[in-house]
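Bear in mind these aren't lab numbers, they're just calculated from the coordinates by the rules spelled out. Keep in mind it's a predicted model, so treat the numbers as computed, not measured. Note that each Cβ is placed from the backbone with ideal geometry, even for glycine, and that neighbours are counted across all protein chains shown.
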Amino acid sequence: MQPDDPVIVADNLQADIQLMRLQNIQSRMDEITDLFQKELDHLKQWKERRLEVLQNQYDFFSHSLENWLSANQAKSVNLPHGIVAFRKQPLRVEILDEDMVISQTPFIRIRKSPDKSAILKHYKQTGEILPGTDIIQPDPKFTVKLHPKG
């Protein structure tokens, strides 16, 4: 059955039969979605456990190399399988009290963007479409709300 070849619905009984069919299809789709989500959760937990073990091993060996480089008082060493190095990091700002910083006006940023809700309100009040805008009236959307089984 294709959506292009709709079943003719002639009365309330036939419409209700279609709703029962939709409920059955929706129920099967929900089962598939639930199973899919359970499998995803299972795989995610498996991945996290496996990666945690490997990350701990990686951190252990990385820390050993860091200690070795520090003990040799070197900034970097180029080896056949990679480079170990201490690199300077750029300065960064950490905001400890946002309100205090905002009160110092040269240190705030204001972003400008069109206020769509104000433009729509203006259109509804005046009927005027502002230059650089367009008012879109979408086609009505067909919806079906199924009642719970039972």
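Observations
- Centroid-to-centroid separation of region 1-30 and region 100-150 [C-alpha atoms, Å]: 36
- Taking the longest Cα principal axis of the chain as reference, the axis of helix 12-71 is set at about 0 degrees.
- Shown for the chain is the translational diffusion coefficient from the Stokes-Einstein equation, using the Kirkwood radius over Cα pairs, a temperature of 10 °C and a viscosity of 1.306 mPa s: 63 µm²/s.
- Taking each residue as 0.36 nm, the span from residue 16 to residue 104 lengthens on full extension beyond its C-alpha to C-alpha distance by 25.1 nm.
- Between 0 and 90°, nearest 10: helix 116-126 axis offset from the chain longest Cα axis: 30
- Net charge dipole, the chain: roughly 580 debye, given to the nearest 20, about the Cα centre with Cβ charges of +1 for Lys and Arg and -1 for Asp and Glu.
- Stretching the chain fully between residue 88 and residue 59 yields a gain of 8.4 nm (0.36 nm per residue, less the alpha carbon separation).
- Relative contact order (percent, whole number), the chain, Cα cutoff 8 Å, 6+ residue spacing: 15
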